1. Residue check: is C:ALA432 within 14 Å of chain B (Cβ to nearest Cβ), small (Gly, Ala, Ser), at negative phi and assigned to a helix (DSSP H, G or I)?
2. Among the residues of the stretch C:91-111, which ones are of a type in the set (A, V, I, L, M) and either more than 7 Å from every other protein chain (Cβ to nearest Cβ) or in contact with a helix residue (DSSP H, G or I) (Cβ under 6 Å, 6 or more places away or on another chain) (or both)?
3. Which residues, counting only those in the stretch C:298-309, are at the interface with another protein chain (Cβ under 7 Å from one of its Cβ atoms) and among the aliphatic types (A, V, I, L, M)?
4. C:LEU398 - would you say it is within 18 Å of C:ASN245 (Cα to Cα) and surrounded by fewer than 18 Cβ atoms within 10 Å (Cβ to Cβ)?
5. What do you reckon, is C:GLU407 more than 9 Å from chain A (Cβ to nearest Cβ), under 20 Å from the mean Cα position of the chain (by Cα) and modelled with pLDDT of 95 or more?
6. So, of the residues in the stretch A:68-83 that are more than 7 Å from chain C (Cβ to nearest Cβ) and touching a Phe, Trp or Tyr at 6+ places or on another chain (Cβ under 7 Å), which turns out to be surrounded by the fewest Cβ atoms within 10 Å (Cβ to Cβ)?
7. Test A:PRO86 against the criterion of being at the interface with another protein chain (Cβ under 8 Å from one of its Cβ atoms), in a helix (DSSP H, G or I) and over 30 Å from C:ALA191 (Cα atoms), and give yes or no.
8. Taking the stated definitions as given, is A:THR96 within 7 Å of chain C (Cβ to nearest Cβ), under 20 Å from A:VAL261 (Cα atoms) and free of Cβ contacts under 8 Å to residues at least 60 places away in the same chain?
Amino acid sequence: MAGFCYFPQTGEDIRQMLDRIGVTSMDDLYCDVPPEFLHKEELNLPDAMSEQQVRHFFESLAAMDPKLKVFVGAGAYDHYVPAVIPYITSRSEFLTAYTPYQCEISQGTLRYIFEYQTMICNLTGLDVSNASVYDGSTAAAEAMRMCVACARRKNTVLLSKALLPQVLGVVKTYAKYAGIRLAFIEAEGGRTSLASLKAQLESGDVAGAIVPSVNRYGIVEDLTGFAEALHACDALLVQYCDPSALAVLKTPAEWDADIAVGDGQSLGIPLCYGGPYVGFMACKKAYMRKLPGRIVGQTVDAQGRRAFVLTLQAREQHIRREKATSNICSNESLMALWVTVYLSLMGPEGMRQVNAKSSAGAHYLYEKLLETGKFEPVFDAPFLKEFVLKPLCNVNELQQRLCDAGFFAALKTEEGYVSFCVTEKHNRAEIDALVAAI
Amino acid sequence: MSKVQEGLLYSESHEWVRVEGPNAFVGISDFAQEEMGDITYVDLPDLDNVLKGEEFGALESVKASSDLYSPVTGTVSERNLDLEDAPELLNEDPYGNWIIRVHLANPAELDDLMDAEAYAQFIAK
Amino acid sequence: MRYYDKLVFELSKPGRSGFSLSQEWADAPLDLDPALLRVEAPVLPEVSEVDVVRHYTNLSQMNFGVDTGFYPLGSCTMKYNPKINEEIAALPAFLGLHPLQDPETVKGARTVLDWTDRLLAEITGMKHFTFKPCAGAHGELTGLMILREYHLSRGDEGRTKVIVPDSAHGTNPASAAVCGLEIVEVKSNAAGLVDVEELKPLLGPDIAGIMMTNPNTLGLFEKDIKEIAALVHGCGGLLYYDGANMNPLLGAVRPGDMGFDIMHLNLHKTFSTPHGGGGPGSGPVGVAEHLVPFLGVSTSGFHGNFGVILRALAYILMLGKQNVHLAGRLATLNANYIKECLRDAYKLPIDSVCKHEFVFDGLIDDGACEGKAGATTLDVAKRLLDFGYHAPTIYFPLLFHQALMIEPTETESKETLDDFIAVMHKIAEEAAADPNILHAAPHNAPISRPDETTAARNPILKWENEN
């Protein structure tokens, strides 16, 4: 047989191994498969490509589309990615390892997860973080399950209608099959309504509520009174956060939230058509045993040296099976490393500047767009880097014009608004060019 | 060999019961703590009703988790809060450290439990 | 590998920084009410770029990956991760695509998903796939939601139970529970396979379906699958295929042909994408034609882990029809070779041809004698680390007390396997002579065995400044 670069066995190797096993062909090793199921012919797949052909194939696909400057957020933010990060995350010792089951030869992974947990705790102000879940939407769904698990005997979770559409969608999906009842908190003037929350609490069955920190309209929510109202009913407050913004905004701990979740993508992870991203989850210590996913803890080895291990594993599926807090096994570990390296590089001052620049750019764009006369304001509410406007022109034509000029902007929302976002990647000149294209 | 203490009643899920008047103290047997290994956490119940055979809590070790089943029906009137900070007490002295105290609703149920001799035979199997 | 004891926070010095941003608007005040702002800046490291690079390079050197050496971790398919995949996934044009862009502006990305859908359908015998699930367990959950949706759409609301073999991965019962299904366990027979006679009485109008891994977690092919499929379909249930063990069937057997209705694949196992220290993976779910209308169930925010899907497609195109049929067969050859070479020293509980992996039940001679405990599977695993190998999966499946589950994959040479076999024999000899050598292992890893009990009793889960 002709060699293939990923298969090291030669024809002679195979013959010797078959002899040792005591069979004559590799198909003999499938003697337990009913013959009708064993495929002997080639599958209907393309001919094998050389590495050069594979490269060319993908480069042609990549060239099919215009390269657009992104002025949309809506849950995926185009922040700058420092060059160091992909160098670190592509180190094969990190990239080609699996879950740190053998802690003695996985201290690299375990240490960065411990650092990641610390950074998530410091951004949210909460006590305990897990080692990641898939994305922000699934983190919110897991938080919904946590509320019910912590409450015992209560089965309703409240969702703010101002949460991102994809977060609402995924939480609804999980709730439907888990048999958890959802009820909704209205948004008034673009903000989650405390009065609506209080009205919903009267049912007496509420285990918790999920509300955004920065909501689907880009508005920074004022959660005064939320935790108090929920805690009075023995219900938990879950905050859905943009972790980049948490470097400057009032923290979940300062709002007295019990659980904070969100998507770590805004911490320097490339857009990459929606993934891989990383969901984060943090909570107060009282709820630690209900937190899903892996958790890394510090201990000492037999010589007394500082060492790190996966801990509190009795919560997990490989031990508790159907009684586990969650079914999660693989998570987004490498993306947690991505976030950890990002926050190490940025530090408190870098994170302040990212927010200052994004916010200043967004407010500049907001004013410039209103000056065109083609939009009018929707809400009179504070925003950071993202906002919506009401379009006074044909949105499809507007988007086409922007696309032709090299921009992805003015995302149409369910409500008929258009949404814009500015990050530190875009300067005043680029914003002016965007406005000119409108 | 696991120790079996005389004078206690035992369930097939390895809880022991010590009856004092209208109350029963519930713990786990030496056999159960040996099976678990180093216990790292005891999940204690609320002060609420329990049914015989119903889960009332759980034990965790590094590599295992085991539910606790109530050997009796009644109301949990007290929990051994020492176990929250020192779960190892169950390893060190399983018969000296109870987990919950239950006010018995149906003392006749006690007849279903094993005495020390029967339990010793049960775990020898 | 060498021990290195820093955390990035401990390198921090006020005023030092590792970022580079233009100065425009860098000091612009935030236009927000102070009541909406945090009181103090978060504690994050203040370190230079070179600090960061050296720190994480040092951390990486305490880690073992597939590129370091042989990684026979059963059920995880730690095959070689081709480097062209990484280059494809790093193409800037893909990295810059926003997930909510108009489909007209992401034709390249849509083509990647369409091709992957078509090729995976051919490989598995399914009709179409959804790429939303981000890992295997996420695929299980998504697939079970589709299974439930199918029954609900027919008004068949009484199907609330799912059958799971006792040898199943822990994620199977956990996913079923998260999906609101009740678990019914079916026992394995003495041959390690689902016992058809035990299965029959479980079937009825309350059964939504069965979750099966084939080959199962013992690496054994469920040869009664045709009868099992007929029985489950006969009672109105569906068959779910856990694709964690798809590798030996790659290019050899298609789940769709065996009668499975729904399945997931672990692209990070069968399709060579790197495991990333625990993720990201990708768990696309495929369904037979009659279930295509239910593929829209939304279990993640956007389109799944697109970067992982890119790598998997690159792998399939490299293999092509000329090589794909060999992948599974070579994985099976390698596993059987190790099994036959080591059965003289390790207990083989079920003597049968295996697929991609097999399970030993500890040492034949563990060295136990009067007053001296024998060497356990844990000890063997830890001793392997000393010789430069990752350990196999241990204490799973739960059917045996000393389970040691070995999966070599097809990307390991005969020389690698022979060296591993020699080391396993040496460890068996050490155990027989003096198990204490094994009890104290590893002897030359970056750390020795840690105190996991204290870690769980008094959890320290984040770094705190002691000053």
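The values are calculated or read from the model by the stated rules, or taken from the named source; none is laboratory data. Here the structure is a predicted model, which is why all the values come from computation and not from measurement. A quick note on method: Cβ atoms are made from the backbone with ideal geometry, for glycine too, and the neighbour counts reach across all protein chains shown.
1. Working: within 14 Å of chain B (Cβ to nearest Cβ): no; small (Gly, Ala, Ser): yes; at negative phi: yes; assigned to a helix (DSSP H, G or I): yes.
No.
2. Kept after step one, since they are of a type in the set (A, V, I, L, M), are these residues of the stretch C:91-111: C:91, C:93, C:95, C:97, C:100, C:106, C:109.
Listed by number, the residues that qualify are C:LEU91, C:ALA93, C:LEU95, C:LEU97, C:ALA109.
3. First, pick out the residues of the stretch C:298-309 that are at the interface with another protein chain (Cβ under 7 Å from one of its Cβ atoms): C:298-308.
The answer is C:VAL308, and nothing else.
4. Numbers: within 18 Å of C:ASN245 (Cα to Cα): yes; surrounded by fewer than 18 Cβ atoms within 10 Å (Cβ to Cβ): yes.
Yes, satisfied.
5. Details: more than 9 Å from chain A (Cβ to nearest Cβ): yes; under 20 Å from the mean Cα position of the chain (by Cα): yes; modelled with pLDDT of 95 or more: yes.
Considered against the rule, which asks whether it is more than 9 Å from chain A (Cβ to nearest Cβ), under 20 Å from the mean Cα position of the chain (by Cα) and modelled with pLDDT of 95 or more, C:GLU407 comes out as yes.
6. A:LYS69
7. The answer is yes for A:PRO86.
8. Details: within 7 Å of chain C (Cβ to nearest Cβ): yes; under 20 Å from A:VAL261 (Cα atoms): no; free of Cβ contacts under 8 Å to residues at least 60 places away in the same chain: yes.
Considered against the rule, which asks whether it is within 7 Å of chain C (Cβ to nearest Cβ), under 20 Å from A:VAL261 (Cα atoms) and free of Cβ contacts under 8 Å to residues at least 60 places away in the same chain, A:THR96 comes out as no.
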